[in-house]
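Here's the structure, in structure tokens; my notes come after.
Nothing in this text is a laboratory measurement; each read-out follows from the coordinates by a stated rule. What you are looking at is a predicted structure, and each value in this text was computed from that prediction instead of being measured. Virtual Cβ from ideal backbone geometry, glycine too; neighbours counted across all protein chains shown.
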Amino acid sequence: MESAEKIGLGVATAGHVLLFGLLSAGFLATPNPLKLNSPPMDVSLIDEVALESMAPRLSTQPPPPSVAPEEGPTEDAAPAALPEPAPAPEPEPAPPPKKPSPPRKDVPKAAPKPKPAPEKPAVKAKPTPPKPKAAAAPAPAQQKAKAKPKADSPARASGEGKAQKPRGSMLGKDFLKGIDTEADAPRKPAPAPAATLGPAQKAALDAEIRRQLKPHWRPPSGADADQLVTLLEVRLDKNGRVVGAPEVIEQRGVTASNRPQAQIHAERAIQAVKLASPFRNLPPEFYEQWKWLRPLRFDARLNR
Amino acid sequence: MPGMGAAAGAAAQAATISPLVLFLQADIVVKVVMLGLLLASIWTWAMIIGFTFTLRRASRQSSAFEDDFWKAEDIDRFFEARGKADFPAAKVMAAGVTEWRRSTAQKVIDREGTRDRLSTSMSSTIATEIDRLSDRLNILATIGAVAPFVGLFGTVWGIMRAFTAIAAEQNSSLAVVAPGIAEALFATAIGLFAAIPAVIAYNRFSHGINRMEAKLTRFADGFYSTLSRELEAQR
């Protein structure tokens with residue numbers, strides 16, 4: 001070892017000791033700027049397949065605003081009731097009207113309005129309107145069906161098929177503004193908690209079955225083999241076991257080049273069903289929905 | 001003591017992850033790897049410093065010697081004065097002069113044979129000198145090539161151990177994972193720390209030695225031409 005190397009060794013050793021000493025002393029330590037504070041979080045893994053959503057479905061549409069102008073004090077209903085004796089003959093005219101279909105929808109709306117309605121006619125001194133009013137008064141006493149005639153009667157009174165006219169006189173043209181055809185939709189009763197197999201639930205069920213089939217599905221390979229589609233009919237018992245032998249309903253995508261594989265394709269599909277049996281996680285209360293798996297589709301997409 | 005070191009390490013770890021703590025925490029295999037790499041690094045730097053001195057001195061002395069040689073009036077006298085020195089150019093000249101004296105001492109001079117012998121002796125002296133200079137340069141190359149792998153080995157081992165610890169604790173929080181990973185990565189860090197200077201130094205020094213060899217060869221060629229001319233004149 002030459003003197004130069006000795007010097008080199010000494011210097012190198014000293015340098016390393018110095019460097020690591022400095023590092024150990026925290027000379028180059030970087031303070032941790034991110035105080036990693038991660039509170040524990042609850043994670044629930046749901047692996048059951050639900051066929052239904054139990055939550056009531058809420059309509060996203062707001063209820064239709066009432067646009068009908070309110071005119072006149074409500075007390076006027078009382079005078080309207082006065083002509084009660086007269087109405088007796090009226091019920092007859094009421095039914096005859098040709099019941100134009102559009103007005104009928106408005107019936108429920110129209111019901112609260114009978115009181116203003118009577119007023120106008122009185123002001124305008126039209127002879128006919130009072131009659132419907134008269135009809136309204138007896139209505140509570142008699143049948144509920146009377147509400148309809150009431151709405152219709154103005155139409156009849158004007159002598160036209162349309163209900164427009166009388167409304168013009170009594171309620172203004174925008175009487176039905178907020179209650180158009182669209183407005184009828186939200187008025188349908190909100191669907192009760194789903195009791196049937198909705199499309200989303202059906203998809204979930206299908207996905208679950210496909211998920212269980214997938215590991216056992218080994219499609220044949222070859223020219224155009226990925227175009228083959230085999231549809232099976234499978235019956236399951238309540239435990240998810242296959243009952244009997246799965247049957248091939250149909251085979252699609254058979255071409256000249258993949259004809260040799262078609263038979264293998266079907267056999268592998270049946271084999272996959274048998275291997276996957278029993279199917280788990282299928283909700284027993286919806287056995288009816290998955291009792292027959294028909295059609296059970298096997299294609300290149302399944303093993304993707 | 002290792003236990004104490006680990007305890008101290010756990011306390012210090014929150015603030016800094018120092019090399020000493022990482023070393024003390026590590027598995028015995030990783031420790032051996034780290035120690036080996038540290039020694040390799042020290043050796044690398046020792047060689048770098050030693051080589052720099054040696055090469056620079058040899059180069060400087062040879063250059064000065066050549067300059068003086070070409071200015072010298074009388075080769076024999078110059079050789080007596082400075083030819084005994086211990087650096088490449090002087091050695092080459094000594095080889096040439098020695099061979100010349102031996103060959104011309106005889107009564108009948110075989111010119112062709114003398115030329116051959118002059119050429120051979122000087123080029124072999126150059127080769128010897130270069131060999132002596134570049135001795136142990138391969139160590140730098142070896143360290144540069146192998147140290148990263150050794151460090152990687154230590155890292156893989158340490159990470160395997162860290163994962164075993166995670167599995168044992170059944171807890172994969174950062175606090176469990178981080179120290180093991182950090183200590184494992186430290187092995188690779190030391191490996192690179194040793195390898196990078198080694199590779200750079202190896203390239204630098206092999207370039208320097210090549211240049212030195214070329215210079216010596218040119219000097220030997222010039223000297224050979226001179227001697228060859230002298231031989232021609234000697235009757």
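Within 10 Å of the Cβ of each residue in A:10-17, the mean number of Cβ atoms contributed by other protein chains is 5. Per-residue 3J(HN,Hα) values for region A:283-299, derived from phi via the Karplus relation 6.51 cos²θ - 1.76 cosθ + 1.60 with θ = phi - 60°, read x, x, 5, 10, 3, 4, 6, 10, 5, 10, 9, 8, x, 9, 9, 10, 8 Hz in sequence order (x marks Gly and Pro). A Förster radius of 51 Å, combined with the Cβ-Cβ distance separating residue B:164 from residue B:68, puts the computed FRET efficiency at roughly 0.15. Loop-located GluC sites (Glu not before Pro) in region B:23-106 (DSSP state other than H, G, I, E, B) with a sparse environment of at most 13 neighbouring Cβ atoms within 10 Å: B:73. For peptide B:49-61, the mean count of partner chain Cβ atoms within 10 Å of a residue's Cβ comes to 3. Taken residue by residue and averaged, Cβ atoms of other chains lying within 10 Å of the Cβ of B:112-118 number 0. Which of rounded, prolate or oblate describes region A:199-298 when judged by the alpha-carbon gyration tensor and an a/c cut-off of 1.5? Prolate is the answer for region A:199-298, as a/c is 1.5 or above and a/b outweighs b/c. Each label was represented as a point 7 Å from its Cα along the Cα-to-Cβ direction; for residue A:18 and residue B:200 these points are 1.7 nm apart. Each stretch of four or more DSSP H residues adds -39500 (n - 2.57); spread over every residue of chain B, this sum gives -31000 deg cm²/dmol at 222 nm.
Using the Cβ-Cβ distance between residue A:285 and residue B:29 with R0 = 56 Å, the FRET efficiency computed as 1/(1 + (r/R0)^6) comes to roughly 0.45.
When both region B:31-108 and region B:173-228 are represented by their alpha-carbon centers, they are found 22 Å apart. Fraction of C-alpha pairs exceeding 26 angstrom in region B:26-233: 54 percent, rounded to a whole number.
Taking 7 Å steps out from each Cα toward its Cβ at residue A:249 and residue A:43 produces label points 3.9 nm apart. Here region B:25-122 yields Rg over Rh of 1.35, to two decimals, using C-alpha coordinates and the Kirkwood radius. What relative contact order, as a whole-number percentage, does chain B give when Cα pairs under 8 Å and 6 or more residues apart are counted? Worked out over chain B, it gives 29 percent. Take every Cα pair under 8 Å whose residues are at least 6 apart in sequence, average their separation, divide by the length of region B:63-155, and the relative contact order is 20 percent. With the cut-off at under 14 Å, measuring from each backbone N in region B:115-136 to a point 7 Å along the Cα-to-Cβ line of residue B:221 picks out B:123. The phi torsions of region B:39-52, fed into the Karplus equation with coefficients 6.51, -1.76 and 1.60 and a -60° offset, translate into couplings of 4, 4, 5, 4, 4, 4, 5, 4, 5, 4, 5, x, 4, 4 Hz, rounded to whole numbers, with Gly and Pro shown as x. In this rough spin-label picture, where each label sits 7 Å from Cα along the Cβ direction, the residue B:233-residue A:2 distance is 3.6 nm.
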